[in-house]
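Undergrad: The structure under discussion is supplied below as structure tokens; questions concerning it will follow.
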């Protein structure tokens, strides 16, 4: 989920000298670009099985070549929300992929978006449209974000994963658990990755990969605090009735990941 600590987790993992934890990665987008050319005559004129196998092999080679130029560390964790959506595709060229997905109370996710909105009222990225009387109130903006990119897309991808009964292919990590009990949470992540545990310094977090967050607009801040600590509660932003509305309209998410109404 957006605003659920994926950047935080990458920064923590990067303390391990064996791991390269990427910034938001274009690798999958590069592969999308290649897939988009699958209807070219140069492709369709050849044996379909041969072309499918060649494309699958190219995806594997693309990932290897991409990171060969970036790092010499033996373990790479590529950051992209798209891997869950393309799980079946990923499995065709990468054996036993490990996918970690950060989740968080949806009300807190949306409150984070709302706070960015309030702090950047001069920005053209704001979703309110006064001329059409759209997204003018906090509850309307919450609905807007649930139905649009990136929150809405991620919600749909997660929902589809459970509909397909593929949730066991993913390691879900609650943001709240990572902040409250980071040692236990990180040990569980290392166990899932089949790696030895590592002693992290949660009071000295430093982002080691270069990334220009401004390119992602006011809702794409990828900064990480030096110390691991909890952020504000969603009720500091929303009244209880908006929180209840978000809960009732997205109950499947709260029930799936064990978040209570209050």
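Undergrad: Once every DSSP H run of n ≥ 4 in the chain is given -39500 (n - 2.57) and the sum is divided by its residues, what mean residue ellipticity at 222 nm do you get, rounded to the nearest 500 deg cm²/dmol? Don't jump to the answer; show the numbers that get you there.
TA: Working: 13 runs with 125 residues, N = 262.
Rounded to the nearest 500, the figure is -14000 deg cm²/dmol.
Undergrad: Could you give the semi-axes, largest first, of the ellipsoid that matches the range 188-262, computed as the square roots of 5 times the alpha carbon gyration tensor eigenvalues and rounded to whole Å? Intermediate results must be reported in sequence, preceding the final value.
TA: Details: eigenvalues 177, 89, 38 Å².
The three semi-axes for the range 188-262 are 30, 21, 14 Å.
Undergrad: Under 8 Å for C-alpha pairs, at least 6 residues apart: give me the relative contact order for the range 6-256, rounded to a whole percent.
TA: Values: 222 pairs, mean separation 63.5, N = 251.
The value is 25 percent.
Undergrad: Just want the ordering: 260, 123, 131, from fewest to most Cβ atoms lying within 10 Å of their own Cβ.
TA: Details: 260 8, 123 12, 131 5.
Placing the least packed residue first, the sequence is 131, 260, 123.
Undergrad: Would you work out if the range 6-256 is rounded, prolate or oblate? Take a ≥ b ≥ c from the square roots of the eigenvalues of the alpha-carbon gyration tensor; rounded if a/c is under 1.5, else prolate when a/b is larger than b/c, oblate otherwise.
TA: Numbers: a/c = 1.77, a/b = 1.29, b/c = 1.38.
Cα axes put the range 6-256 in the oblate bin.
Undergrad: Stretched out fully, how many nm does the piece from residue 138 to residue 262 gain, at 0.36 nm a residue minus the Cα gap? Let's see the in-between values first.
TA: Working: separation 124, 0.36 × 124 = 44.64 nm, distance 1.90 nm.
Stretched out fully, the residue 138 to residue 262 stretch lengthens by 42.7 nm.
Undergrad: Please rank 160, 236, fewest neighbouring Cβ atoms within 10 Å first, as an exposure proxy. Kindly include the intermediate steps, with their values, before the conclusion.
TA: On the way: 160 13, 236 10.
Result, fewest neighbours first: 236, 160.
Undergrad: Stretch residue 227-residue 35 to full length: gain in nm at 0.36 nm per residue minus the Cα-Cα span? Don't jump to the answer; show the numbers that get you there.
TA: Values: separation 192, 0.36 × 192 = 69.12 nm, distance 4.12 nm.
Working it through step by step, the gained length comes to 65.0 nm.
Undergrad: Starting from the 7 Å offset along Cα-to-Cβ, what nm value, one decimal, do you get for the label separation of residue 244 and residue 119?
TA: Each label point lies 7 Å from its Cα, and together they span 3.0 nm.
Undergrad: Could you work out how far apart the two model spin labels at residue 70 and residue 167 are, taking each label as a point 7 Å from the Cα in the direction of the beta carbon, and quote it in nm?
TA: 3.0 nm
Undergrad: Specify the angular offset, from 0 to 90 degrees and rounded to the nearest 10, of the alpha carbon long axis of helix 240-249 from the longest principal axis of the alpha carbons in the chain.
TA: 40 degrees
Undergrad: A follow-up question, please. Would you list 241, 93 from fewest to most Cβ contacts within 10 Å?
TA: Details: 241 9, 93 17.
Placing the least packed residue first, the sequence is 241, 93.
Undergrad: For the Cα atoms of the chain, what angle does the longest principal axis make with the long axis of helix 182-193, in degrees from 0 to 90, nearest 10?
TA: The angle comes out near 30 degrees.
Undergrad: On a 0 to 90° scale, report how tilted helix 138-147 is relative to the longest principal axis of the chain, with both axes built from alpha carbons and the result rounded to the nearest 10.
TA: 10 degrees
Undergrad: Once you put a point 7 Å from the Cα of residue 131 and another 7 Å from the Cα of residue 197, both along the Cβ direction, what distance in nm separates them?
TA: 5.9 nm
Undergrad: Still on this structure, I have one more. Kindly work out what percent of the DSSP beta bridges joining two residues of the chain are antiparallel, to the nearest 5. Don't skip to the answer; put the middle values down first.
TA: On the way: 1 of 10 bridges.
Taking every DSSP beta bridge within the chain, about 10 percent pair in antiparallel fashion.
Computed from the coordinates by the stated procedures, all read-outs in this text should not be read as laboratory data. Only a predicted model underlies this, so the values are computations on that prediction, with no experimental measurement involved. As a convention, Cβ positions derive from the backbone with ideal geometry for all residues, glycine included, and neighbour counts pool all protein chains shown.
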